Each structure stands twice: as C-alpha cells, then as structure tokens.
C-alpha cells in the first residue's frame, strides 16, 4: 500500500476514535471541530480532507457504531436452537448494549435521530437494523412460523418497538428496571406477532 494511503487511513481512524469518544461523553451539540482537533492532534486541513463537516464526521462514527451493533447482535443469535430464539437473543443483545454501552446509547440512540433527521436516520436503520431483522425473520418464516409475505411488515413493526424501547431505556434513571420492562415488552410483541401463528414444538409461550 502507498505510504500516503496508509497515513491517510491512520489519520481517518484517529479522527473516528477521538470523535467517537467525545460524542459519547459530551453529545453531538457539545462537541466542536476544534475540540476534535485538540483531542486527536490532527490538523484542520487533514480533518476536512476526510470529513467536510461535523455532521459528516458524526455519520462516519455512527456507521462504525452501527457495524459494531450488528456484529454483537449477530453473534448473540448464533447457536440458537431455532429462529425465534435467535430473534429473541438478538433483541436481548440490542437492549443490553443500550443499557450498558454509553457509546451506543448516546450516539446511536439519543443523538442519531436528531442529527441525521428522521428520513436519513430511517434509511440508516434500514441498512443495518432492519436488514438484520429481515434476515432473522426470513428464517422464522421459512421454518413455518408465519407467511413469507409478512416479513417486511413484521420487521418494520418490531424495529419500531425496539427503537422506542431503546429510547426509553437510554433516558431511564433506573436502567436495570427499564431494561427488564423493555425485554418483557419485546417478548410480548414477538409472541403476539409471530408466536400466535407458529406451530413448531420449540415455541415458547408467554405467561
């Protein structure tokens, strides 16, 4: 690899790491370009070579955080006994990230919708979270849990519930209690949307 390319890539990663920490600690509104430059010791020209605005820098950081979320949720779903358990495990992993990871909580849940705007945020969610949900729900549909034609509707409904629970959880004073309530709510939705139509012997009933 060309030395200039290597240096450019290293500078970009340095900026992302520094901005990620600042955005998580202070929130988007309280982080300035000058603060990022001070934190990373990168020149203004180098920063603007990679990112033309603070918004662009935030989006790049958010993309990295979303990739981490998808990897964590996917790993949690692996090894599940059946598609519905995989779905439950993935949802639990997402809520656990929101409850325990300050970076995920602040950047992906609290700041992302307001910084990107509703439409752009929904498009990003479609690229990451919605795609993952569709994949898992496709496995459940192919296993006979519900008709294939329901996949997109169920994915959108479940994503809406997960996002709402995440926002409530991110702002809760007692996150342990809020996380337990969120898990119960998500389980109720999964069982209501999917479980009522499933006939597999592995279906776990609520109650």
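Every number in this text was worked out from the coordinates using simple rules, so none of it is lab data. Quick caveat, the model's predicted, so the values are computed rather than measured. Heads up, the Cβs are rebuilt from the backbone with ideal geometry, glycines too, and the neighbour counts pull from every protein chain shown.
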_Which of 23, 146 has the fewest other C-beta atoms within 10 Å, and how do the rest follow up to the most?_
146, 23
_From the helices alone, meaning DSSP H stretches of at least four residues, give me the mean residue ellipticity at 222 nm for the chain, per-run term -39500 (n - 2.57), in deg cm²/dmol to the nearest 500._
-23500 deg cm²/dmol
*With Cα atoms, 0 to 90° folded angle of helix 54-77 axis to the chain main axis*: 30 degrees
*Compute the FRET efficiency between residue 25 and residue 55 as 1/(1 + (r/R0)^6), taking r as their Cβ-Cβ distance and R0 = 22 Å, and round to the nearest 0.05.*
0.75
_residue 156 paired with residue 142, simple spin-label distance in nm, labels 7 Å along Cα-to-beta-carbon_ = 2.4 nm
*Could you compute the FRET efficiency for residue 78 and residue 32, with r as their C-beta to C-beta distance and R0 at 35 Å, rounded to 0.05?*
0.30
*asked:* I'd like the distance separating the alpha-carbon centroids of segment 66-118 and segment 128-142, in whole Å.
replied: 14 Å
*Compute the acute angle (0 to 90°) between the alpha-carbon long axis of helix 129-142 and the principal axis of greatest extent of the alpha-carbon atoms of the chain; round to the nearest 10°.*
20 degrees
*If you average the sequence gap of Cα pairs under 8 Å that are 6 or more apart and divide by the length of segment 107-161, what percent do you get for the contact order?*
29 percent
_Taking 104, 115 and counting other C-beta atoms within 10 Å, the order from fewest to most_ = 115, 104
*Which semi-axes, in whole Å and largest first, does the equivalent ellipsoid of segment 55-197 have when worked out from the alpha carbon gyration tensor as the square roots of 5 times its eigenvalues?*
25, 17, 13
_Spatial extent of segment 1-52: Rg and Dmax, with the Cα atoms as the point set, Å_ = 11.4, 37
*Between 52, 82, 163, which gets the highest mean-square fluctuation from a Gaussian network model of the chain, Cα cutoff 10 Å?*
52
_Cα pair distances of segment 43-117 binned at 5 Å [whole percent]_ = 3, 15, 20, 18, 15, 12, 7, 5, 3, 1, 0
*By its C-alpha gyration tensor, with a ≥ b ≥ c as the square roots of the eigenvalues, how is segment 152-195 shaped: rounded for a/c under 1.5, else prolate for a/b larger than b/c, else oblate?*
oblate
*By how many degrees, 0 to 90 and rounded to 10, does the Cα axis of helix 3-26 deviate from the longest principal axis of the chain?*
70 degrees
*Seen from all sides and averaged, what is the projected area of the convex hull of the Cα atoms in segment 18-84, in nm²?*
5.9 nm²
*Please tell me the relative contact order of the chain in percent, rounded to the nearest whole number, where contacts are Cα pairs under 8 Å and at least six residues apart.*
20 percent
